[in-house]
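Only one structure is covered here, and it is reproduced in the block below.
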């Protein structure tokens, strides 16, 4: 009976050990699979150097002419299409375009050639389109500074511009990113405007 009891105890311990080992091996396999998927996902995210984004926003102009009055505030809907390239973890380059969707007039100060005074000249803008080469610096994962220059083009007249702005990434999942953006345009010899918008970008 003693031998029988010892044999039973040995079988029980052996079975329990095998069961625990099997459970541990299964858990290790699950962890390895999870880690491999995690590393693969983040490797893909890190390798995303290009992005194309679509932005919907509103441009705000404080020197518009409206109902016979100048220096009036107006808000104009806009669409933007951006392409960005990440040089490294901090720096990037981009080509940003923007289309204002309305016809409007602005009052722009122009210096007279014969007298040292300023006159107010009314300039019509027919759905102007802007294009700028932008530099980008990532201060934080949720704050990117933008700076660059380009031009604003319309059927009446074209202007050079300087653009400063910020992008605020909100969420990034599965190769897509949602972000908020704000930029300020200095249209040389014309008018200034700032634009607030929301965008969605495809990373690749």
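The values are calculated or read from the model by the stated rules, or taken from the named source; none is laboratory data. Remember, it's a predicted structure, so these values are computed and weren't measured experimentally. Cβ: placed from backbone, ideal geometry, glycine included. Neighbour counts: every protein chain shown.
Looking at this structure, is residue 131 touching a strand residue (DSSP E or B) at 6+ places or on another chain (Cβ under 7 Å), surrounded by 12 or more Cβ atoms within 10 Å (Cβ to Cβ), at pLDDT 95 or above and more than 30 Å from residue 66 (Cβ to Cβ)?
No; evaluated as a whole, the condition is false for this residue.
Is at least one residue of the range 135-150 within 15 Å of the chain's Cα centre (by Cα), modelled with pLDDT under 95 and part of a loop (DSSP other than H, G, I, E, B)?
yes
Taking only the range 167-189 into account, find how many residues are loosely packed, with under 15 Cβ neighbours inside 10 Å and within 15 Å of residue 137 (Cα to Cα).
Final tally of qualifying residues: 1.
Counting only residues that are part of a strand (DSSP E or B) and modelled with pLDDT of 90 or more, how many does the range 73-119 have?
28
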